[in-house]
């Protein structure tokens, strides 16, 4: 089991202006961008920042999620986390980039786990 990357989540209104700002700030290009129509969000990744763009209503189910952990296997992490006292808030689900789940850690922190598939 491995965590490949930890992305800080920024909830924003205007992704078109945010992407060039963070590309310039971090001196990195946007490496991922997609619409997640089922939940009304548009997402983009610049470096270790995950930009989530949508309305306050669209953000509501996700706003308490503090970070996204990019992992090798959502299934393996799910088992480990449950044995470690975590609680699954949103179970494994197919998403545009692969699979995700949202978990509340024993300390109360809410984290999204994402496994990209090819």
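FYI, it's all coordinate maths here, none of it is from the lab. Computed from a predicted structure; not experimentally measured. FYI the Cβ positions are ideal-geometry reconstructions off the backbone, even for glycines, and counts take in every protein chain you see.
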> For residue 39 and residue 26 in the same chain, what is the full-extension length gain: residue separation times 0.36 nm, less their Cα-Cα distance, in nm?
Replying inline: 1.9 nm
> Which whole-number percent gives the relative contact order of the chain, counting Cα pairs below 8 Å spaced six or more residues apart?
Replying inline: 25
> In whole Å, what is the distance between the alpha-carbon centres of the range 58-90 and the range 1-20?
Replying inline: 16
> Just for the Cα atoms in the range 53-104, what are the lengths along the principal axes, largest first, rounded to whole Å?
Replying inline: 35, 23, 15
> Looking only at the range 20-58, which residues have a backbone nitrogen under 13 Å from a spot 7 Å from the Cα of residue 97 in the C-beta direction?
Replying inline: 30-36, 42-53
> So what's the back-of-envelope 222 nm ellipticity for the chain, counting only DSSP H runs of four-plus at -39500 (n - 2.57) apiece and dividing by all residues, rounded to 500?
Replying inline: -6000 deg cm²/dmol
